[in-house]
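Undergrad: Here it is, the structure in full.
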Amino acid sequence: MCLAAPARVVSVSGQTAVVDYDGVQMNARLETLSEPVSPGDYVLVHAGFAIQRMSAEDGEATLRLFDELAASLGSPPTGS
């Protein structure tokens with residue numbers, strides 16, 4: 001099973017964004033998106049590609065759900 005994870009966009013340069021996963025920053029390719037993203041936006045990232053732009057509200061809500069799931073499994077929260 002594959003899972004796309006929400007990440008906050010930190011910066012954008014051409015077709016690459018630096019995204020933040022609760023303090024861990026990585027690059028994500030943007031070619032698969034049909035709309036532009038800006039710092040502060042959230043994107044779903046799968047295999048290094050941003051596959052969907054999300055509103056800040058949806059991104060933060062999804063991260064809270066991930067935290068709840070982790071807590072129910074006995075894992076430490078992500079800190080979001």
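Undergrad: Between residue 64 and residue 22, with labels modelled 7 Å along Cα→Cβ, what's the label distance in nm to one decimal, could you check?
TA: That separation, rounded to one decimal, is 1.6 nm.
Undergrad: For the chain, report the accessible area per residue in Å² (1.4 Å probe, heavy atoms, rounded to an integer).
TA: Details: 5020 Å² over 80 residues.
In whole numbers, the chain has 63 Å² accessible per residue.
Undergrad: Against the longest alpha carbon principal axis of the chain, how many degrees, from 0 to 90 and to the nearest 10, is the axis of helix 56-72 turned?
TA: 30
Undergrad: Okay, moving on. Would you kindly compute the Cα radius of gyration of the chain and its largest Cα-Cα separation (Dmax), both in Å?
TA: 12.5, 40
Undergrad: Another question, if that's okay. Relative to 2.2 N^0.38 Å, what does the C-alpha radius of gyration of region 12-54 come to as a ratio? Two decimals please. Provide the component values of the computation, followed by the final result.
TA: On the way: Rg = 9.1 Å, N = 43, 2.2 N^0.38 = 9.2 Å.
The value comes to 0.99.
Undergrad: Please report, as a whole percent, how much of the solvent-accessible surface of the chain comes from carbon and sulfur atoms (probe radius 1.4 Å). Intermediate results must be reported in sequence, preceding the final value.
TA: Values: 2840 of 5020 Å².
Roughly 57 percent, rounded to a whole number.
The values are calculated or read from the model by the stated rules, or taken from the named source; none is laboratory data. If you're wondering where the values come from, they're calculated on a predicted model, not measured in any experiment. With ideal geometry, Cβ positions are generated from the backbone for all residues, glycine too; neighbour counts draw on all protein chains shown. These accessible areas exclude ligands, DNA and RNA; they are computed on the full protein's heavy atoms, side chains included. Shrake-Rupley method; radii C 1.70, N 1.55, O 1.52, S 1.80 Å.
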